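Note sheet for the following structure.
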Amino acid sequence: MAYSYDPQNIFARILRGEIPNKTVIETEHTLAFHDIGPQAPIHVLVIPKGAYVNFDHFATEASAEEIADFTRVAGRVCHMTGAAPGAGGGGYRTISNAGEAGVQEVPHYHLHVLGGRVLGRMLQRQD
């Protein structure tokens, strides 16, 4: 499948240093930073530095090094923020939205790490 990446999206601009961010951790392939409109006491975005539109694009086309780095950074974020149960936190949720039906707002793959409170149900049935 062909993916159309918009190099002017806000995350691409953050990666180029055009827009500041509050960095949590940065590696060769990944950037994690605090969300500017947090939906929970802990709300960090983890993004690959490569031009990937969504999870399936990243999972099928990123290198093994990019995938491993991204996954490890996401895990480190859970512990660094204190959200991980093993780090003394009560737990966390990770969310990745894709496409219009998934309500993806920025066309650059990103993983939300949320925690710091009970988050409630993820979805409500709509019959």
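A short reminder: the numbers here are calculations on the coordinates, not readings from a lab. On a predicted model such as this, the values are computed, not experimentally measured, just so you know. Here the Cβ is made from the backbone with ideal geometry for all residues, glycine too, and neighbour counts use every protein chain on show.
Condition check ((1) surrounded by 13 or more Cβ atoms within 10 Å (Cβ to Cβ); (2) within 18 Å of H79 (Cα to Cα)) across all residues:
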residue: E18; (1), (2): no, no
residue: V24; (1), (2): yes, yes
residue: T27; (1), (2): yes, yes
residue: T30; (1), (2): yes, yes
residue: A40; (1), (2): yes, yes
residue: V44; (1), (2): yes, yes
residue: K49; (1), (2): yes, no
residue: H57; (1), (2): yes, no
Among strands (runs of 3 or more DSSP E) entirely within the stretch 1-111, at least 1 residues that are without any contact (Cβ under 8 Å) to a residue 12 or more places away in the chain and among the basic types (K, R) occur in none
Residues of the stretch 96-112 being β-branched (V, I, T) and surrounded by 14 or more Cβ atoms within 10 Å (Cβ to Cβ), in sequence order, are V106
Of (1) in contact with a Cys (Cβ under 7 Å, 6 or more places away or on another chain); (2) surrounded by fewer than 17 Cβ atoms within 10 Å (Cβ to Cβ), Y92 fails just (2)
